[in-house]
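Working notes for the structure below.
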Amino acid sequence: MEDKKDSLKIALVQSLLHWENPAVNRQMFSDKFEQITEQVDLIVLPEMFSTGFTMSPSNIRKEEGSITMRWMQEMASIKNCAIVGSIVFEEDGSYYNRLFFVKPEGNFESYDKRHTFTLAGENEKYSAGTERLIVEYKGFSICPLICYDLRFPVWSRNTQNFDMLLYTANWPGKRIAAWDALLKARAIENMVYCIGVNRIGTDSLGHQYPGHSSIYDPLGELQAFTKEEEIKIVKVEKSKVDKIKNKLRFLDDRDEFSLLD
């Protein structure tokens, strides 16, 4: 049984990515993890951290998904913390933008990106997920989502009394104002911590990514922000979420709804 805590120390790993090269990316992140010398509870990586946001998943060997997932398990054990990020994953002849939340003992849960990015043709290459994931970890209820999901408040809506929304992303500079605004909005409307981890650098298609990885508290106050290639370590407190929810009780007045598909 996991120890419950009032706080989580979270490492936001904002990094460039090597295009369609899982082995090089795994080694790069292994090296970055060595820079984390203090004990953290959770490491958050960008979307498709082992390949970049490729729309050519057939360029990636089928075995790479399982190899990267096992690497996450190994790193979670070495660092004695959970690791979360999404990768290209092939299963039963279909490709998924699949997020893994791997715990220190090696157990994991997964989420397939619900809203595939039609502007880039992601919907034509990757199968969309249908189920939301809520992870229970050290006393926190965490809802991990992926990039484009951020634009859809119904899918992010706090109907299960979670404490944290977490978005792993490859969000381009052309629309970075929307990223900043929507992360803050998701925190406020759901009364949770909202965490977004983006990549930096330019990919092989010429898309530029400015970072802006950040954490907002349940009132929309900015707790952390970076534009640099760096690892940002921030502590969040569950008692802060509980205090704000219990005092303001805005979620008691939320609209009831059901998703039909």
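Can you report the number of residues in the range 235-254 which are of a type in the set (Lys, Arg), surrounded by fewer than 16 Cβ atoms within 10 Å (Cβ to Cβ) and under 10 Å from Pro218 (Cβ atoms)?
The qualifying residues number 1.
Of all residues in the range 24-40, count the ones that are in contact (Cβ under 8 Å) with a residue 40 or more places away in the chain, over 25 Å from Lys243 (Cα atoms) and of a type outside the set (Phe, Trp, Tyr).
7
As an exercise: evaluate Gly220 against (1) farther than 25 Å from Val88 by Cβ; (2) in contact with a Lys or Arg (Cβ under 6 Å, 6 or more places away or on another chain); (3) surrounded by 19 or more Cβ atoms within 10 Å (Cβ to Cβ) and give the number of the one condition it does not meet.
(3)
So for the range 234-242 (the condition being of a type in the set (A, V, I, L, M) and part of a helix (DSSP H, G or I)), does at least one residue qualify?
Yes - at least one qualifying residue is present in the range 234-242.
Within the range 41-53, does at least one residue satisfy the condition of being touching a Leu at 6+ places or on another chain (Cβ under 6 Å), of a type in the set (Gly, Ala, Ser) and within 17 Å of Ser213 (Cβ to Cβ)?
yes
Can you find a residue in the range 61-71 that is on the phi > 0 side of the Ramachandran plot, at pLDDT 95 or above and either assigned to a helix (DSSP H, G or I) or out of contact with any strand residue (DSSP E or B) (no Cβ under 9 Å at 6 or more places or on another chain) (or both)?
So far as the range 61-71 goes, no, none of its residues is on the phi > 0 side of the Ramachandran plot, at pLDDT 95 or above and either assigned to a helix (DSSP H, G or I) or out of contact with any strand residue (DSSP E or B) (no Cβ under 9 Å at 6 or more places or on another chain) (or both).
Can you name every residue in the range 8-55 that is touching a Lys or Arg at 6+ places or on another chain (Cβ under 8 Å), under 24 Å from Leu150 (Cα atoms), of a type in the set (S, T, N, Q) and not in a strand (DSSP E or B)?
Passing the criteria: Ser15, Ser50.
Which residues, taken from the range 72-105, are closer than 17 Å to Phe33 by Cα, part of a loop (DSSP other than H, G, I, E, B) and of a type outside the set (S, T, N, Q)?
If the condition is that a residue be closer than 17 Å to Phe33 by Cα, part of a loop (DSSP other than H, G, I, E, B) and of a type outside the set (S, T, N, Q), then Cys81, Lys103, Pro104 are the ones that fit.
Applying the selection to the range 172-222, what residues are more than 21 Å from Ala11 (Cα to Cα), β-branched (Val, Ile, Thr) and part of a strand (DSSP E or B)?
The answer is Thr202, and nothing else.
Give the range 179-210 a look and list any residue that's of a type in the set (Val, Ile, Thr) and closer than 16 Å to Thr168 by Cα, or say none.
Correct list: Ile195, Val197, Ile200.
What's the number of the only condition in (1) in contact with a strand residue (DSSP E or B) (Cβ under 6 Å, 6 or more places away or on another chain); (2) surrounded by fewer than 20 Cβ atoms within 10 Å (Cβ to Cβ) that Ala82 fails to meet?
(2)
Looking at Lys9, Lys5, Lys32, Lys103, which one is modelled with pLDDT under 95 and surrounded by 14 or more Cβ atoms within 10 Å (Cβ to Cβ)?
Of Lys9, Lys5, Lys32, Lys103, the one residue that is modelled with pLDDT under 95 and surrounded by 14 or more Cβ atoms within 10 Å (Cβ to Cβ) is Lys5.
Out of the range 120-153, which residues are of a type in the set (D, E, K, R) and surrounded by fewer than 20 Cβ atoms within 10 Å (Cβ to Cβ)?
Step one: list which residues in the range 120-153 are of a type in the set (D, E, K, R), which gives 122, 124-125, 131-132, 136, 138, 149, 151.
Glu124, Lys125, Glu131, Arg132, Glu136, Lys138, Arg151 - these are the residues of the range 120-153 that are of a type in the set (D, E, K, R) and surrounded by fewer than 20 Cβ atoms within 10 Å (Cβ to Cβ).
The values are calculated or read from the model by the stated rules, or taken from the named source; none is laboratory data. None of the values given here were measured: they were computed from a predicted structure. Virtual Cβ from ideal backbone geometry, glycine too; neighbours counted across all protein chains shown.
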